[in-house]
Amino acid sequence: MSDDILTMLDDAAAAFARPDARRNRALRGTADGFERSRWREMAELGWLSVVVPEAAGGLGLGCRAAAAIATRLGQAAFPEPFVAAGVMAPWLLSRGDGPAAARALAAVIAGECVAAPAWQPSAGGLDIEACAVRADPLPEGLSLSGEARFCAPASADAFIVAARTDAGLVLGWVDRDLPGLTVQAEPTADGGALARLVLERLHLPAADIVAHAASAPTLLRDAIDAGTAACAAELVGLMDRALEMTLEYLRTRKQFGKAIGSFQALQHRAVDIWIQRQLARAALDAALGVLDSPASDARARTQAASSAKARAAHAALLLCNQAVQLHGAIGFTDEYDLGIYLNRAIALSAWMGNAAEHRRRWGALADVHQEV
C-alpha cells in the first residue's frame with residue numbers, strides 16, 4: 001500500500017470520525033450501543049473490507065490501513081465495533097475454507113450483518129486452545145455446547161464461534177436467533193456491552209462451517225493478531241485526543257494570575273504522558289510493519305501484536321488517569337468529555353488481553369525462540 005493511499009484513507013477517516021460527546025452519551029446503555037446507520041456508512045466507505053484480499057472482493061490494504069481507521073475512530077471515541085466486526089470478522093470470513101465463509105462475507109462487508117468472533121472462555125485469556133465450546137459430530141453437522149465470553153458487540157446479528165472437535169478447532173457461523181443459543185449482555189465501563197454466549201446442543205449444519213480443523217487454528221490466530229493491533233491503534237487514537245484536551249486545558253486554566261501550564265511541575269507531568277503516547281505509537285508502527293510483511297512468521301506476528309497492545313494498554317490507562325489529575329475536579333465529572341475517553345480506555349485496555357497478559361505472552365514467545 002502506497003503512502004498516498006494511506007494518507008487519503010486517513011484523511012477520509014478524520015473527516016468522518018469527529019468527536020461528538022452528545023452522541024456518545026446518548027448511545028450508552030442502548031440495545032446496540034452504536035448506530036447501525038453509521039455502521040452502514042462505514043461499509044459504504046469500504047472500511048469493512050480493508051483487510052479482505054482483493055480476490056475475495058475486498059480492498060486488500062492490510063493491517064496498516066485498518067490501524068489508520070481505528071486510530072481516527074479512537075480519537076472520536078466511536079462506539080462502533082470496528083475492530084471485532086470490521087477487522088476480525090471479515091478477516092475470518094474472507095479466508096475461511098468452509099461453505100459459510102463466502103456466503104456470509106458479502107453481507108458483513110456491506111454492513112447489512114454485524115458478526116462477532118466468539119472464541120474466549122469464561123475466564124478470558126489469549127490461548128485459543130482454551131476454547132470452552134465443544135463440537136460433537138451429528139449425521140449432518142455438529143452439536144455445539146459450552147460458553148464463550150467477551151464477544152463484541154453484544155448485539156451482533158451472528159457469531160463466528162470457535163469450537164473444539166476431536167480433529168481440532170473449527171469455526172462455525174451461528175445466527176443470533178438459533179435454538180440452543182443464549183446471549184447475555186455484560187456491560188462495560190464505556191456504556192457498551194460484550195456478549196456471553198451459552199450454547200446447549202446447538203445444531204450447526206455442515207453448510208454453516210466457516211473454517212475446518214485443518215485451517216481454523218491458524219486463521220483464528222492471525223485474525224486475533226490483526227484485531228489486537230487494531231485495538232492498540234484505537235487506544236493510540238484515544239490517547240491523542242485525551243492528550244490534546246489536557247494540553248489545551250493547561251494552556252487556558254489560570255491560577256494565581258497565570259496559566260497552570262506554566263508551572264514546571266505540571267509541565268513535567270505533561271511531558272511524561274506525551275512520552276507514553278509516543279512510545280505506544282512507535283510500538284504500533286513497528287508491529288504493523290511485521291504484520292503486513294509476507295516474510296513474517298506466525299511467532300513474529302503474534303509477538304508484534306502483543307507488543308503493540310501491551311504498550312498501548314499501559315500507556316492509555318496511565319495517560320487518561322494523569323489527564324484526569326491534571327484537570328482537577330472537572331476531570332471527575334461526567335459532563336466533561338474527558339471521562340468518555342477514560343472509560344473507553346478502561347474497556348479497550350482489558351478487551352482481548354490487558355497489558356500484563358500481553359507482556360506474558362510476548363515473554364513466553366521470546367523464551368521459546370531462544371530455546372530453538
Binned Cα-Cα distance frequencies in the range 1-72 - 10 Å width, integer % = 18, 45, 27, 9, 0
query = If the viscosity is 1.002 mPa s and the temperature 20 °C, what Stokes-Einstein diffusion coefficient in µm²/s follows for the range 267-347 when Rh is the Kirkwood radius over Cα pairs?
reply = 153
inquiry  = Given the range 116-211, report the % of alpha carbon pairs whose separation exceeds 21 Å.
reply    = 24
query = Between E244 and E54, how many nm apart are label points set 7 Å from Cα along the C-beta direction?
reply = 3.3
ask   = GNM on the chain, C-alpha springs below 10 Å: top fluctuator among D166, D285, D240?
value = D166
ask   = Karplus couplings for the range 317-331 from phi (6.51 cos²θ - 1.76 cosθ + 1.60, θ = phi - 60°), rounded to Hz, Gly and Pro as x?
value = 5, 5, 4, 5, 5, 5, 4, 4, 4, 5, 7, x, 4, 5, x
ask   = Does the range 163-224 come out rounded, prolate or oblate by the C-alpha gyration tensor, with a ≥ b ≥ c the root eigenvalues, rounded set by a/c under 1.5 and, if not, prolate when a/b is larger than b/c and oblate if not?
value = oblate
query = Where in the chain lies the longest segment free of GluC sites (Glu not before Pro) that are both loop residues by DSSP (not H, G, I, E, B) and have at most 12 other Cβ atoms within 10 Å?
reply = 141-334
ask   = How big is the convex hull of the Cα atoms of the range 96-172, per residue, in Å³?
value = 104
inquiry  = Angle check, please: helix 3-16 long axis (alpha carbons) against the longest principal axis of the chain (alpha carbons), in degrees 0 to 90, nearest 10.
reply    = 80
query = Roughly how tilted is helix 216-252, in degrees to the nearest 10 and between 0 and 90, from the longest Cα axis of the chain?
reply = 20
query = Per 5 Å bin, what percent of the C-alpha pairs of the range 1-147 does each bin hold, from zero upward?
reply = 2, 9, 16, 18, 18, 15, 12, 6, 3, 1, 0
key: A214-K254 FRET efficiency (beta carbon distance; Förster radius 56 Å; 0.05 resolution)   = 0.25
message = I want to check the label-to-label distance for A207 and A295. Put each point 7 Å from Cα in the C-beta direction and report it in nm to one decimal.
response = 4.7
key: For C151, C131, C113, order by how many other beta-carbon atoms lie within 10 Å, fewest first   = C113, C131, C151
ask   = Mean 1/r over all different Cα pairs, inverted: what Kirkwood radius does the chain give, in Å?
value = 21.0
key: Fewest-first sequence of H358, H268 by Cβ atoms within 10 Å of each Cβ   = H268, H358
task = For the range 80-93, take each phi angle, set θ = phi - 60°, evaluate the Karplus expression 6.51 cos²θ - 1.76 cosθ + 1.60, and give the result in whole Hz per residue in order, putting x for glycine and proline.
result = 4, x, 4, 5, 6, 8, x, 10, 5, 4, x, 4, 5, 5
key: Counted charge near L219, where neighbours are those whose Cβ lies closer than 10 Å (Asp, Glu -1; Lys, Arg +1)   = 0
task = State, to one decimal in nm, how far the label point of A26 lies from the label point of S262, with both points 7 Å from Cα in the Cβ direction.
result = 4.1
For the range 56-61, Karplus couplings with θ = phi - 60° (6.51, -1.76, 1.60), whole Hz, Gly/Pro x = 9, x, x, 8, x, 8
key: Mean shadow area of the range 216-371 over all directions, Cα convex hull, nm²   = 10.4
ask   = In percent, how large is the relative contact order of the range 171-235, given Cα pairs closer than 8 Å and 6 or more residues apart?
value = 33
request  = Kindly provide the helix-only [θ] at 222 nm of the chain, computed as the sum of -39,500 (n - 2.57) over DSSP H runs of four or more divided by all residues, to the nearest 500 deg cm²/dmol?
outcome  = -16500 deg cm²/dmol
remark   = Note: the range 295-337, point scatterers on Cα, Debye, no solvent; log10 I/I(0) at q = 0.27 Å⁻¹ equals -0.87
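Rule-based calculations on the coordinates, nothing more; no lab input. Nothing here was measured: the structure is a model prediction, and the numbers come from that model. Here Cβ is always computed from backbone atoms with ideal geometry, including for glycine, and neighbour counts include all displayed protein chains.
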